[in-house]
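Quick notes on the structure that follows.
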Amino acid sequence: MPELPEVEIVRKSLDKKIKQKKVKKVIVRNRNLRFRIPLAFEKFLKGHKVIKVDRFSKYLILSLSNNSYMFNIV
């Protein structure tokens, strides 16, 4: 498990790289994770822009152009 400063470095790096970029392609290699990934997940993300990358504790939160959020535990 990474430490909090490392998570912040990842957040800043992602914010620079993917901010205002459009999601062109989504590949799900395994749907059977901790929470099952829905079949429509790819369609939900495709075509939307990443507005910003935030962090709450060790969660990375991607704000999308359709006023929704996606989060990941680092």
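The values are calculated or read from the model by the stated rules, or taken from the named source; none is laboratory data. This is a predicted model, so every value here is computed, not measured. Don't worry about glycine lacking a Cβ; one is built from the backbone with ideal geometry, like all the others, and counts go over all protein chains shown. Calculation scope for accessible area: heavy atoms of the full protein, side chains included, ligands and nucleic acids excluded. Shrake-Rupley method; radii C 1.70, N 1.55, O 1.52, S 1.80 Å.
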Given only helices, namely DSSP H runs of n ≥ 4 each adding -39500 (n - 2.57), what is the per-residue ellipticity at 222 nm of the chain, to the nearest 500 deg cm²/dmol? -8000 deg cm²/dmol
Identify all lysines with a Cα-Cα distance to K49 below 22 Å; exclude those on the same chain that are fewer than 8 residues away in sequence. K12, K16, K17, K19, K21, K22, K24, K25
Once K12 and I61 are pulled to full extension, the length gained, defined as 0.36 nm per residue separation minus their Cα-Cα distance, is 16.5 nm
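For the full complex of protein chains and a 1.4 angstrom probe, list L64, L33 by accessible area with the highest value first. The partial results should precede the final answer.
Values: L64 10, L33 100 Å².
The most accessible residue leads, giving L33, L64.
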Mind checking which aspartates and glutamates have their C-alpha under 12 Å from K52, skipping anything on the same chain fewer than 8 residues away? D15
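Give, rounded to the nearest 20 debye, the magnitude of the charge dipole that the chain has about its Cα centre when Lys and Arg contribute +1 at Cβ and Asp and Glu contribute -1 at Cβ. Working shown, then result.
Values: 19 positive and 6 negative charges, 93 e Å.
Here the size comes out at about 440 debye.
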